[in-house]
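Undergrad: Dropping the structure in here first, questions after.
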Amino acid sequence: MKFIVCENYDEMSKEAAKIVADLLKVKKDAILGLATGSTPIGLYKELISEYNAGNISFKDVKTFNLDEYYPINKDNDQSYYYFMNDNLFSHVDIDLNNTDIPNGEAADAEKECEDYEKRIAASAGVDIQILGIGQNGHIGFNEPDSELYMATHLTGLTENTIEANSRFFESIDLVPKSALTMGIGSIMKAKKIILLASGANKNEAIEALKNGMLTTNVPATMLKLHDDVVVICDKAAYGE
Ligand code: GLP
């Protein structure tokens, strides 16, 4: 696990965008694993600028998203489906048929998870997986627990996450209590992983990545088993 400590959020976003843009320049049909939350928004803005400057194209790019609330309608402005269109897809030349997000409207959540995992497995494999991190160390919606899932699954959200994410909703009661998320195994299949963290509220979670221990109580520590993970964070998240 490599750490790149940046001065601030903008520098963090630029650093991550450079790695993704460099990939898209040499591999036009790259497969990207995408994340939501406030942290990757700056990265997506940078990629849109690169696209507008004619430096990269998403025409043949495929994407898989980490997670989605469940249940949630796609037209709910807090759905990750809405988020991806709003923050990236509608601004670039990506073919929406090449984008995939767990379906928060699926009648059968278990089946949707199985199908999603199969769709990832049937692809050529995620080249770069973008990750944010929860204050409690969750990745995707893999929450701290005594056991973690390998594959895409339906999960309950912890109180900590419901409260953290309630800032985006009109009231905490409107935050869905469950989600569909890639499992730790699905995430670890990516060839390269970029984890982004900004702000002092992420410091505790980042501290857990700096030592040599693994714990399911901080799911992101499992990433230490992957041989190509870059944590790009600002000084506040790193603890400087
Ligand atoms: C959500 C998402 C995660 C994200 C986390 C942190 O719970 N499921 O993928 O990393 O929030 O969000 P933020 O970047 O807004 O702090």
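The values are calculated or read from the model by the stated rules, or taken from the named source; none is laboratory data. Not measured: the values here are computed from a predicted model. Because the Cβ atoms are built from the backbone with ideal geometry, glycine has one as well, and the counts that use them run over all protein chains shown. In case anyone asks, the SASA skips ligands and DNA or RNA and just uses the protein heavy atoms, side chains included. Shrake-Rupley method; radii C 1.70, N 1.55, O 1.52, S 1.80 Å.
Undergrad: Here are some residues: M150, M182. Which one is open to solvent by 20 Å² or more (accessible area, probe 1.4 Å) and of a type in the set (A, V, I, L, M, F, W, C)?
TA: Working: M182 fails: open to solvent by 20 Å² or more (accessible area, probe 1.4 Å).
Residue meeting the stated conditions: M150.
Undergrad: Working only within the stretch 127-142, note down all residues that are within 15 Å of the ligand (Cβ to nearest atom) and assigned to a loop (DSSP other than H, G, I, E, B).
TA: G132, I133, G134, Q135, N136, G137, H138, G140, F141
Undergrad: Among the residues of the stretch 18-33, how many are touching a Lys or Arg at 6+ places or on another chain (Cβ under 9 Å) and over 18 Å from L196 (Cα atoms)?
TA: Adding up the residues that qualify gives 4.
Undergrad: List pairs: first residue in the stretch 227-240 and charged (D, E, K, R), second residue modelled with pLDDT of 95 or more and assigned to a helix (DSSP H, G or I) anywhere in the structure, Cβ distance under 6 angstrom, at least six positions apart or on different chains.
TA: The qualifying pairs are D234/Y9; D234/M12.
Undergrad: State whether one or more residues within the stretch 89-104 are open to solvent by 80 Å² or more (accessible area, probe 1.4 Å) and touching a helix residue (DSSP H, G or I) at 6+ places or on another chain (Cβ under 8 Å).
TA: Checked against the condition, which is being open to solvent by 80 Å² or more (accessible area, probe 1.4 Å) and touching a helix residue (DSSP H, G or I) at 6+ places or on another chain (Cβ under 8 Å), the stretch 89-104 yields at least one hit.
Undergrad: Going residue by residue through the stretch 212-223, is there one that turns out to be more than 30 Å from D115 (Cα to Cα) and either surrounded by 22 or more Cβ atoms within 10 Å (Cβ to Cβ) or away from the ligand (no atom under 13 Å from the Cβ) (or both)?
TA: Our first condition is that a residue be more than 30 Å from D115 (Cα to Cα); within the stretch 212-223, this holds for 212-213.
Those left that are additionally either surrounded by 22 or more Cβ atoms within 10 Å (Cβ to Cβ) or away from the ligand (no atom under 13 Å from the Cβ) (or both): 212-213.
The answer is yes; a qualifying residue exists.
Undergrad: Additional query: Which residues, counting only those in the stretch 168-177, are within 24 Å of N217 (Cβ to Cβ) and within 12 Å of the ligand (Cβ to nearest atom)?
TA: Selection gives V175, P176.
Undergrad: Further, regarding this structure: Taking the stated definitions as given, is P40 within 16 Å of the ligand (Cβ to nearest atom), open to solvent by 70 Å² or more (accessible area, probe 1.4 Å) and either in contact (Cβ under 8 Å) with a residue 40 or more places away in the chain or among the aliphatic types (A, V, I, L, M) (or both)? Lay out the reasoning, then the answer.
TA: Working: within 16 Å of the ligand (Cβ to nearest atom): yes; open to solvent by 70 Å² or more (accessible area, probe 1.4 Å): no; either in contact (Cβ under 8 Å) with a residue 40 or more places away in the chain or among the aliphatic types (A, V, I, L, M) (or both): yes.
Judged against the criteria, P40 is not a match.
Undergrad: Within the set of pairs 6+ apart or on separate chains, which have a first residue in the stretch 166-177 that is within 17 Å of S38 (Cα to Cα) and open to solvent by less than 30 Å² (accessible area, probe 1.4 Å), a second that is aromatic (F, W, Y) and in a loop (DSSP other than H, G, I, E, B), and C-beta atoms under 8 Å apart?
TA: V175/F169
Undergrad: Next question. Identify all residues within the stretch 200-211 that are in contact (Cβ under 8 Å) with a residue 60 or more places away in the chain, within 13 Å of the ligand (Cβ to nearest atom) and open to solvent by less than 50 Å² (accessible area, probe 1.4 Å); write none if there are none.
TA: Listed by number, the residues that qualify are K202, A205, I206.
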